[in-house]
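Below is one structure, written out as structure tokens; the observations come after it.
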Amino acid sequence: MVPGNVMDFTRTAGGQKIMLALGVAIAVAVMGAVWMWGQQPDYRVLFSNFSDRDGGAIVAELEKMNIPYKYAEGGGAVLVPADRVHDARLKLASQGLPKGGNVGFELMENQKLGSSQFVERVNFQRAMEGELARSIESVSAVQAARVHLAMPKDSVFVSEQKAPTASVLLNLHPGRVLDLQQISAIVHLVASSVPELPIKNVTVVDQHGNLLSETGKMASANGMDPSQIKYVQELQQNVVRRIESIITPIVGPDNVRAEATADVDFSRSQQAVESYKPNQTPDAMAIRSQQTSESLNGSGNPGGVPGALTNQPPAPATAPINAPGQNAAAPANGAPATNTRKDATVNYEVDKTIQYVQQGVGGLKRLSVAVVVNYKQTIDKDGKTVMTPLTEAETVQITNLIKEAMGFNAERGDSINVVNTPFARAEPEVIPELPLWKQPGVIQMALTAGKYLLMALALLILYLRVLKPMLKKLSEAMAQPPASHAQLQADAGMMALPGQRNYQENLSRAQKMASEDPRVVANIVKTWVGSNE
């Protein structure tokens, strides 16, 4: 019986107005939902590849800041509206998020009162490992890192002291590798951060179990280190660039190829040379020292005729003291003889040269260059392009230019080889132009335009087919004159249950309605006739 009452209520003027108003409200709500769907913000990745602990902390902070978020990649990434990505990152970074899963020195901030020395030592070691892992993860090729430190206890006995060791596990990005110089940098970084940790005690392993640190040690022991290899490569590339830059204006672009091989000596040598020049003439020589000595010796043997005359004084001289032909130094009257001796020693300076020669590291021992020059293009009488070889004069000219550009030195043993030959050129691959409807920019623009077009079409259909007719009916119902008291009674009578009205009441009510509004009665009769009732 209740559905009949509902149907009777909807047939009344008041019920129709209420239903029309309810329909308008529903249509407006649907149109608002369509509009909000069209204005939904574009989400961008805020953080990805984070630990579960960091993910929970990030989501909690986003909820506090009232920033909407979504999950992507199975919960491995957090998305936020594109216009709030940078703002959210800065605010989360001020709170130290994400922490990267490694615990650093912030672990020491939550020390409990009464912690033992062992606990403090373990926490300090964990903090050191976390800080080192964060530093290593700053390398572009490293996705994640983990560091293990073995730090033995200090001992008062020198024989029992042990050096610490370190192990580093690297998880590299897909398709990325570390060169020898980067591996050496990581080893030195760890060794410099831990006291008394030697470089040889640091082991570096990648996610595939490959030992990386041993490769660097073997390369340094058996050959050139990464810096020396890089120096040789840069030297060779520099020679190639100079050759190609000076030959290209002559033969044209893409018509010359050059390669260089440099033999560099990285050995250290020091030499001391002491040389003596031939002796010069005494007049041109410098006197270093000079010594002269003279000695005079007299004889003690008696002279003269033995006897009494010897003891008598000599008689006065009656002749010259120095007789002709007699030596002045000779003793007179039997005087004792004297010996005179003179010695002279002169020391001259000896010419000597002392030279210390120290050879620099990275000296160029030999340079070899190979150059290939393409045939030159000429146009014949028919206007066709013909490839012709270079003349002998042109080849000599190019060879001389190459020698000057490379710094050719015959005494050093440099070699150069210039070959003139046609290049084998591959046919250029014709890449079909990408259709307009396949271009990424056009596809994105079409998706955006389709989204707004679909939203506009849905709003238009809702307005024309639902909202506008309802508004029209509602305005017509509101424009009708208010019902009379008899009509209200008739509506109330119709709402009553059929079992509660008798025949006389229905007859009197019908007569009253026929006298007040004959058109209603005529319509009722017409309906009865049409339905054969």
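The values are calculated or read from the model by the stated rules, or taken from the named source; none is laboratory data. Quantities reported herein were computed from a predicted structural model and do not represent experimental measurements. Glycine also receives a Cβ, built like all others from the backbone with ideal geometry; neighbour counts cover every protein chain displayed. Just the protein is used for accessible areas: all its heavy atoms, side chains included, with ligands, DNA and RNA removed. Shrake-Rupley method; radii C 1.70, N 1.55, O 1.52, S 1.80 Å.
If you check Asp263 against the conditions, is it surrounded by 10 or more Cβ atoms within 10 Å (Cβ to Cβ) and either at pLDDT below 75 or outside any loop (DSSP other than H, G, I, E, B) (or both)? It is true that Asp263 is surrounded by 10 or more Cβ atoms within 10 Å (Cβ to Cβ) and either at pLDDT below 75 or outside any loop (DSSP other than H, G, I, E, B) (or both).
Conditions tested, residue by residue: (1) more than 27 Å from the chain's Cα centre (by Cα); (2) surrounded by fewer than 18 Cβ atoms within 10 Å (Cβ to Cβ); (3) at pLDDT below 85; (4) of a type in the set (Asp, Glu).
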site: Ala88; (1), (2), (3), (4): no, no, no, no
site: Gln117; (1), (2), (3), (4): yes, yes, yes, no
site: Ala145; (1), (2), (3), (4): no, no, no, no
site: Ser155; (1), (2), (3), (4): yes, yes, yes, no
site: Gln161; (1), (2), (3), (4): yes, yes, yes, no
site: Gln181; (1), (2), (3), (4): no, yes, yes, no
site: Glu196; (1), (2), (3), (4): yes, yes, no, yes
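For the stretch 347-396, filtered to residues that are of a type in the set (S, T, N, Q) and surrounded by 13 or more Cβ atoms within 10 Å (Cβ to Cβ), the residue that is nearest to the chain's Cα centre (by Cα) is Ser368.
Annotation note: Cβ proximity below 9 Å between a residue of the stretch 86-109 that is within 29 Å of Glu120 (Cβ to Cβ) and part of a helix (DSSP H, G or I) and a residue that is modelled with pLDDT under 80 and open to solvent by less than 80 Å² (accessible area, probe 1.4 Å) (sequence gap 6+ or interchain) occurs for Glu106/Gly96.
Conditions tested, residue by residue: (1) open to solvent by less than 40 Å² (accessible area, probe 1.4 Å); (2) of a type outside the set (A, V, I, L, M); (3) at pLDDT 75 or above.
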| residue | (1), (2), (3) |
| --- | --- |
| Phe9 | no, yes, no |
| Gly15 | yes, yes, no |
| Ala25 | no, no, yes |
| Ala29 | no, no, yes |
| Trp35 | no, yes, no |
| Gln40 | no, yes, no |
| Val59 | yes, no, yes |
| Gly100 | no, yes, no |
| Glu106 | no, yes, no |
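Reported count of residues in the stretch 72-86, each being modelled with pLDDT of 80 or more and over 26 Å from the mean Cα position of the chain (by Cα), is 4. Among the residues of the stretch 405-431, the ones that are within 39 Å of the chain's Cα centre (by Cα) and either surrounded by 16 or more Cβ atoms within 10 Å (Cβ to Cβ) or without any contact (Cβ under 8 Å) to a residue 12 or more places away in the chain (or both) come to 13 in all. Looking for something free of Cβ contacts under 8 Å to residues at least 24 places away in the same chain, of a type in the set (Gly, Ala, Ser), open to solvent by less than 70 Å² (accessible area, probe 1.4 Å) and out of contact with any Gly (no Cβ under 7 Å at 6 or more places or on another chain) - is there at least one such residue anywhere in the stretch 223-231? For the stretch 223-231, residues free of Cβ contacts under 8 Å to residues at least 24 places away in the same chain, of a type in the set (Gly, Ala, Ser), open to solvent by less than 70 Å² (accessible area, probe 1.4 Å) and out of contact with any Gly (no Cβ under 7 Å at 6 or more places or on another chain): present.
The rows are residues; the columns are (1) part of a strand (DSSP E or B); (2) of a type in the set (Gly, Ala, Ser); (3) out of contact with any Lys or Arg (no Cβ under 7 Å at 6 or more places or on another chain).
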residue: Glu394; (1), (2), (3): no, no, yes
residue: Leu401; (1), (2), (3): no, no, yes
residue: Ala410; (1), (2), (3): no, yes, yes
residue: Gly413; (1), (2), (3): no, yes, no
residue: Ala424; (1), (2), (3): no, yes, yes
residue: Ala446; (1), (2), (3): no, yes, yes
residue: Lys451; (1), (2), (3): no, no, yes
